[in-house]
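Note sheet for the following structure.
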Amino acid sequence: MFTFQFVSTVRLGIKSLMLHKLRSFLTMLGIIFGVCSVIAMLAIGEGASHAAQEEIKKLGSNNILIRSLKPAEESREAAAGARRMAIKYGLTYEDAARLHSTIPGVRQVVPMRIIRENVRFSRNEVPCQVIGTLPSYPEVVGVDIVRGRFLCQLDELHQNNVCVITVGLARRLFPYQDPLEHALRIDAFYYQVIGIIREKNMPEQRTQAGRMEGEPLDNNVYIPLSTSRTRFGEVLIRQAAGSFQAEEVQLHQVTIQMKDLAAVETADSQINTMLRRFHEQKDYEVIVPLALLRAAERTKRTFNIVLGSIAAISLLVGGIGIMNIMLATVTERTREIGIRRALGAKRRDITTQFLVETVVLSVGGGLVGVLLGIVTPYIVSHFSELKTIVTVWSVMIAFCISGAVGIIFGLYPATAAAKLDPIEALRHE
Amino acid sequence: MSDRVRMTMHSDEIIRLEGVHKTYSLGDEVTVHALRGVDLTISAGDYVAIMGPSGSGKSTLLNLLGCLDRPSAGKYFLGGEDVSKMDDDTLSEVRGRRIGFIFQSYNLIAQLTVIENIQVPLLYQGKDLRHYHDRCMQLAELVGLGDRLHHRPNQLSGGQQQRVAIARSLINDPLMILADEPTGNLDSKTGQEVLELIDRLNKDGKTIVLVTHDDRVASRADRVIHMKDGVIDRQVALKDRTNSTTS
Ligand SMILES: Nc1ncnc2c1ncn2[C@@H]1O[C@H](COP(=O)(O)OP(=O)(O)O)[C@@H](O)[C@H]1O
Ligand SMILES: [Mg+2]
């Protein structure tokens, strides 16, 4: 019974709106644009922050990364003394040991030496990152062992000439052979391939840091840290801008895995304090993915508030448009109101009738806006690099707000219509 | 006059006005005294015409009878209920259920078809339109518009529109039908047809109160009430159906 009445009220509302199609459509435009822009903007914001967060999560939220940094020019000269001498900077083996023993809540410390060398097998030659590290590396950085095994304690202890390579490198270096049956050559030394791995979350930043044009991303060779130390020595020659530069770097990166998130929070400042004490210059950077993640989340929240305000304003403008039109409609239909009152309509029937019309306008606009709001981000990411994510809650919020706008801005015109005196209304021309 | 006396007068009495006044205030200190003490009774099945010069309060009286407004002073009993004490919702309820209106300017709703216009009073009684389809059809046939059900008012002539209004006034089977100059906007031939329709309704037992300027229209009624300056000047019984009095 009630539903029937409601349905016929809605139908009547639509009918009245269809009487002035253009006017109704123009009125809806405000809401359409409002809702569409809310959803689209939130989708772009969500996409951007999602991409950033994914990047950060790859680094591992339980991890803290410390990287060696070449210090700024002036301080470097002061430290090096003369131009000819190798520039000495960065993290040391002592740092790694000290971090392990002094910072509370540390589970693993994985030091890495990263050396750029060409790796050869037979006639193939591939530029690679030769990473000297410890057997605990796979526990800290997500790694799939595809074949064979990773480095072990014995390899480290005996400075074995063994290596583990990434899937991509295996494909490039051994197109027709089984890598595990062969040794590859770095410089003058041969390293037996003992395993093939796939890095699950290859930290993009690391590979991008010194990436050359066209160099594939996953060309990594892992060798025992002790082997790297003895085979390559501490002084590395690097060719940069036509001239050779000698650098003395013990460790390029130390990845610390903490026991839990709480430990990560406290360790941040402890690590900085400790490193400051033993380094005269700032030749390292501490990256806390968790902190970055938190910052990204904060940024996103601010972003959402800004977007929300813009959206609220545009919907407010849409709402005012609706109210304006509905007030005009009430005046225009005063006589109809009088007729309905004479035929038995109560005040609340009139209120309902006009409220339904406004809500039909705003919800109709909301629906169209939702459709456009879902399609727009799709088009945006199709024609640009921007990643977009339309979230269910943004659609629901936008839609609910459009409904609320209809009720809030329809209430005044509807009560104004209901307050009209029946006789006066019937006399209205 | 006490309630008991009133009850004993006429068992089929449906309307009783006792010293009804209506004043309109136009801004500060200016008031219009549209009705100045009207006493009137109407029984079931009566056919009453109200005549009088323009501004004598005919429409005001009809609006009061139709519960579109409440008297400023005096009492109005409709079917034994005191209208002067009703709130706005109850007045709406009474209008919808017990009164059928026919207006001079038809007052159909422009965006609705003939059948939908006839159905409007049902909506506000909370009735399921699907159960009333046959009745709507019957009424449309009765007023001779069975083949125009889906036309809009602007596709109909004035006479046809007024006949739709008559069908609409009957849909809730009201206690009485109030018509304010129903033929005022019609030429004499179509006016005649409409009046014949109204006559037939009265023959079938409906109570009719009709406002008119036209003596020939008034002559169809059982009783003519002449108004002047907001009071009933005299009442003339044309057929001895009811008791006539002269005040
Ligand atoms: N809403 C109103 N406000 C002020 N004066 C009114 C109103 N309605 C009617 N009147 C006045 O009341 C008197 C009676 O009007 P009405 O009943 O319409 O007369 P009739 O229908 O007999 O021509 C007139 O003087 C008219 O101006
Ligand atoms: Mg009048």
Task: Only listed residue being under 28 Å from B:Asp204 (Cβ atoms) and modelled with pLDDT of 95 or more, chosen from B:Gly79, B:Gly66 - done: B:Gly66
Open item on the list: I'd like to verify a number: residues in segment A:254-271 that are in a loop (DSSP other than H, G, I, E, B) and either free of Cβ contacts under 8 Å to residues at least 60 places away in the same chain or basic (Lys, Arg) (or both), how many?
Closed with: 1
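Could you grab me the full set of residues in segment B:45-64 that are part of a loop (DSSP other than H, G, I, E, B) and more than 16 Å from ligand 2 (Cβ to nearest atom)?
Step one: filter segment B:45-64 for residues part of a loop (DSSP other than H, G, I, E, B), giving B:45-46, B:52-57.
Correct list: B:Gly45, B:Asp46.
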TODO: Return a yes/no flag: does segment A:24-44 have any residue that is of a type in the set (Gly, Ala, Ser) and either within 14 Å of chain B (Cβ to nearest Cβ) or over 24 Å from A:Leu307 (Cα atoms) (or both).
DONE: yes
Open item on the list: For segment B:46-82, give me the residue count where each residue is more than 14 Å from chain A (Cβ to nearest Cβ) and hydrophobic (A, V, I, L, M, F, W, C).
Closed with: 7
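So, in segment A:18-54, how many residues would count as being over 15 Å from A:Ile389 (Cβ atoms) and in a helix (DSSP H, G or I)? So that I can check it myself, show each step before the final result.
Looking only at segment A:18-54, we keep the residues that are over 15 Å from A:Ile389 (Cβ atoms), and these are A:18-37.
Keeping just the survivors that are in a helix (DSSP H, G or I) gives A:18, A:21-37.
Selection size over segment A:18-54: 18.
Looking only at segment B:45-67, count how many residues are more than 9 Å from ligand 1 (Cβ to nearest atom) and more than 14 Å from B:Val224 (Cα to Cα). Even if it seems obvious, please write down each step before you answer.
Residues of segment B:45-67 that are more than 9 Å from ligand 1 (Cβ to nearest atom), as a first pass: B:45-49, B:51, B:64-67.
With more than 14 Å from B:Val224 (Cα to Cα) added as a condition, the list becomes B:45, B:64-67.
Here the count works out to 5.
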Open item on the list: When you scan segment A:243-253, do you find a residue that is within 26 Å of the chain's Cα centre (by Cα), at pLDDT 85 or above, outside any loop (DSSP other than H, G, I, E, B) and assigned by TED's automatic domain parsing to the domain that holds A:Pro135, even just one?
Closed with: yes
- [ ] Taking only segment B:89-108 into account, find how many residues are buried (at least 24 other Cβ atoms within 10 Å of the Cβ) and either without any contact (Cβ under 8 Å) to a residue 24 or more places away in the chain or not in a strand (DSSP E or B) (or both).
- [x] 4
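Please verify whether segment B:65-75 includes one or more residues that are outside any loop (DSSP other than H, G, I, E, B) and within 15 Å of the chain's Cα centre (by Cα).
Within segment B:65-75, one or more residues are outside any loop (DSSP other than H, G, I, E, B) and within 15 Å of the chain's Cα centre (by Cα).
Quick test for you: out of B:Val30, B:Val20, pick the one residue that is more than 21 Å from B:Arg220 (Cβ to Cβ), buried (at least 19 other Cβ atoms within 10 Å of the Cβ) and away from ligand 2 (no atom under 16 Å from the Cβ). Working first, answer last.
Values: B:Val30 fails: buried (at least 19 other Cβ atoms within 10 Å of the Cβ).
Only one candidate qualifies: B:Val20.
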- [ ] Count, please, the residues in segment B:128-145 that happen to be more than 9 Å from chain A (Cβ to nearest Cβ) and more than 14 Å from B:Gln161 (Cβ to Cβ).
- [x] 11
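Quick check on A:Ile350: is it within 14 Å of chain B (Cβ to nearest Cβ), assigned to a helix (DSSP H, G or I) and within 16 Å of ligand 2 (Cβ to nearest atom)? Break it down stepwise before answering.
Working: within 14 Å of chain B (Cβ to nearest Cβ): yes; assigned to a helix (DSSP H, G or I): yes; within 16 Å of ligand 2 (Cβ to nearest atom): no.
Criteria not met by A:Ile350.
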Task: Unmet requirement for B:Gly146, which otherwise passes all of (1) more than 16 Å from ligand 1 (Cβ to nearest atom); (2) closer than 23 Å to B:Ile99 by Cα; (3) among the small types (Gly, Ala, Ser); (4) part of a loop (DSSP other than H, G, I, E, B) - done: (2)
TODO: Would you point out which residue out of A:Ala404, A:Ala418, A:Ala414 is of a type in the set (A, V, I, L, M, F, W, C), within 14 Å of chain B (Cβ to nearest Cβ), in a helix (DSSP H, G or I) and more than 27 Å from the chain's Cα centre (by Cα)?
DONE: A:Ala418
Open item on the list: Conditions first: (1) more than 14 Å from every other protein chain (Cβ to nearest Cβ); (2) buried (at least 17 other Cβ atoms within 10 Å of the Cβ); (3) not in a helix (DSSP H, G or I). A:Gly344 passes all but one, so which condition is the exception?
Closed with: (1)
- [ ] Considering (1) more than 16 Å from ligand 1 (Cβ to nearest atom); (2) surrounded by fewer than 21 Cβ atoms within 10 Å (Cβ to Cβ); (3) among the β-branched types (Val, Ile, Thr), say which one B:Ile42 fails and leave the rest.
- [x] (2)
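Among the residues of segment A:325-336, write down those that are part of a helix (DSSP H, G or I) and within 10 Å of another protein chain (Cβ to nearest Cβ). If you could, list the steps in order and put the result at the bottom.
Residues of segment A:325-336 part of a helix (DSSP H, G or I): A:325-332, A:334-336.
A:Arg335, A:Glu336 - these are the residues of segment A:325-336 that are part of a helix (DSSP H, G or I) and within 10 Å of another protein chain (Cβ to nearest Cβ).
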- [ ] Identify the residue in segment A:271-303 that is touching a helix residue (DSSP H, G or I) at 6+ places or on another chain (Cβ under 8 Å) and among the polar types (S, T, N, Q) and, among all such residues, is nearest to A:Gln253 (Cα to Cα).
- [x] A:Gln281
Open item on the list: Looking at the structure I just gave you, is B:Asn172 farther than 20 Å from B:Ile99 by Cβ and touching a helix residue (DSSP H, G or I) at 6+ places or on another chain (Cβ under 7 Å)?
Closed with: no
Open item on the list: Of everything in segment A:152-190, what is of a type in the set (Lys, Arg) and assigned to a strand (DSSP E or B)? Give them in sequence order.
Closed with: A:Arg185
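Considering only residues that are among the basic types (Lys, Arg) and either farther than 20 Å from B:Ser25 by Cβ or within 10 Å of ligand 2 (Cβ to nearest atom) (or both), which ones fall in segment B:65-82? Walk me through it before giving the result.
Filtering segment B:65-82 down to residues among the basic types (Lys, Arg) leaves B:70, B:75.
Residue satisfying the conditions is B:Lys75 alone.
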Task: Residue list for segment B:90-112, filter: facing another protein chain (nearest Cβ under 10 Å), farther than 22 Å from B:Ile14 by Cβ and not aromatic (Phe, Trp, Tyr) - done: B:Ser105, B:Asn107, B:Leu108, B:Ile109, B:Ala110, B:Gln111, B:Leu112
Open item on the list: Please verify whether B:Gln125 is surrounded by fewer than 18 Cβ atoms within 10 Å (Cβ to Cβ), within 14 Å of another protein chain (Cβ to nearest Cβ) and in contact (Cβ under 8 Å) with a residue 40 or more places away in the chain, treating the condition exactly as stated.
Closed with: yes
Open item on the list: Condition first: at pLDDT 90 or above, touching a helix residue (DSSP H, G or I) at 6+ places or on another chain (Cβ under 7 Å) and among the acidic types (Asp, Glu). Can you find one or more residues in segment A:137-156 that meet it?
Closed with: yes
- [ ] List the strands (runs of 3 or more DSSP E) that sit entirely inside segment B:152-245 and contain at least 3 residues that are away from ligand 2 (no atom under 16 Å from the Cβ) and either in contact with a strand residue (DSSP E or B) (Cβ under 7 Å, 6 or more places away or on another chain) or in contact (Cβ under 8 Å) with a residue 60 or more places away in the chain (or both).
- [x] B:231-237
- [ ] Answer yes or no as to whether A:Pro413 is within 16 Å of ligand 2 (Cβ to nearest atom), within 28 Å of A:Thr9 (Cβ to Cβ) and assigned by TED's automatic domain parsing to the domain that holds A:Leu12.
- [x] no
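The values are calculated or read from the model by the stated rules, or taken from the named source; none is laboratory data. Not measured: the values here are computed from a predicted model. Every residue, glycine as well, gets a Cβ built from its backbone with ideal geometry; the counts of neighbours run over all protein chains shown.
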